[in-house]
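One structure below.
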Amino acid sequence: MAKVEFSVACALCEHLKDSLFNGLQPEDLNKINNHKTCVLYKKGQNIFYDGTRPTGLFCMNAGKVKVVKNDVQGKEFILYIAKPGDFLGYRALLSEEFYGATATVLEDAKICFIPREDFFEVLQKNPVFMRKVVKEVCKEMGIMEERMAEIAHKSVRERLAGSLLMLKETYGMEGEKSELIDIALSREDLASIVGTASETVIRLLSEMKSENIIAFEGKKIRVLDARKLARQADLIVA
């Protein structure tokens with residue numbers, strides 16, 4: 001499929017305030033802007049593949065992308081979901097390693113690509129920016145460690161409830177007494193986040209619906225009772 005390019009100036013990007021590029025000097029932001037390539041990706045397209053070498057940095061402008069790892073049996077596990085303003089592939093780029101996962105578009109996305117040389121030039125001349133990027137890498141690694149610990153020690157119901165709370169905090173749209181998780185995840189995708197079979201997720205979601213903890217709106221989920229959900233995630237005891 002041919003890639004369609006689009007144009008958006010970094011300085012005018014509505015997600016700049018949420019990006020690690022926020023705070024860069026105008027000349028450095030212009031350098032990034034003048035050397036980047038911006039591409040429209042359709043749902044299901046891959047941005048990069050596990051085991052390939054990074055040649056630059058991807059920056060999300062619109063849409064959502066899942067970053068997944070497959071086990072030896074080919075079962076998919078979603079490490080995280082990137083949103084507008086997020087970087088993709090920067091850990092492998094910084095460590096000069098191959099990608100350790102595959103990035104696939106969940107919802108049609110606009111993604112900018114910054115060549116390795118230009119990204120490193122800006123990074124090396126800006127100590128504050130470098131510290132922000134290193135801090136984000138450490139934060140990402142901490143999240144991965146927490147998720148591995150959850151899989152080892154928490155039940156599937158606890159993990160599902162915790163994942164729904166995480167998605168609500170990240171993608172929630174506030175309503176009158178509830179929040180709609182504004183991301184159309186398939187039950188297979190949700191199972192890949194939780195680390196279980198899709199049949200188990202379907203059963204547990206149905207139980208949560210009958211308990212008036214969540215409701216369904218198409219493929220999206222509305223959280224009706226965040227406190228009950230937190231209790232099921234073993235995050236509060238009262």
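The numbers here are math on the coordinates, done by the rules we state, and not lab data. Just so it is clear, the model here is predicted, and its values are computed rather than measured. Here the Cβ positions follow ideal geometry from the backbone for every residue, glycine too, while neighbour counts run over all protein chains shown.
Values as computed for the structure displayed
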{"read-out": "Prolate/oblate/rounded call for the range 132-172, Cα gyration tensor, a/c under 1.5 rounded", "value": "oblate"}
{"read-out": "Gain on full stretching of the segment that runs from Glu97 to Lys219 - 0.36 nm per residue minus C-alpha separation", "value": "40.3 nm"}
{"read-out": "Estimated inter-spin distance, Val134 and His35, nm [label 7 Å along Cα→Cβ]", "value": "2.1 nm"}
{"read-out": "Stretchable slack from Ser155 to Ser186, in nm (0.36 nm times residue separation minus alpha-carbon distance)", "value": "9.1 nm"}
{"read-out": "Tensor-based shape of the range 58-128 (alpha-carbon gyration tensor, a/c under 1.5 rounded, otherwise prolate or oblate)", "value": "oblate"}
{"read-out": "Residue-averaged [θ]222 nm for the chain, counting only DSSP H segments that reach four residues, each worth -39500 (n - 2.57)", "value": "-12500 deg cm²/dmol"}
{"read-out": "Out-of-range pairs (alpha-carbon distance over 21 Å; input Lys66/Lys110; Lys36/Lys125; Lys110/Lys132; Lys139/Lys168; Lys42/Lys139; Lys83/Lys132)", "value": "Lys110/Lys132; Lys42/Lys139"}
{"read-out": "Segments 36-49, 133-146 sorted - mean Cβ within 10 Å per residue, highest first", "value": "36-49, 133-146"}
{"read-out": "Tensor-based shape of the range 1-149 (alpha-carbon gyration tensor, a/c under 1.5 rounded, otherwise prolate or oblate)", "value": "oblate"}
{"read-out": "Full-extension gain in nm, Thr55 to Phe120, via 0.36 nm per residue minus C-alpha separation", "value": "22.3 nm"}
{"read-out": "Gaussian network model of the chain, Cα within-10 Å springs - most flexible of Leu180, Leu167, Leu12", "value": "Leu12"}
{"read-out": "Charge dipole magnitude, Cβ of K and R +1, D and E -1 - the range 146-211, Cα centre, debye nearest 20", "value": "240 debye"}
{"read-out": "Gaussian network model of the chain, Cα within-10 Å springs - most flexible of Cys112, Cys13, Cys59", "value": "Cys13"}
{"read-out": "Where labels lie 7 Å past Cα in the beta-carbon direction, separation of Phe6 and Ala230 in nm", "value": "3.6 nm"}
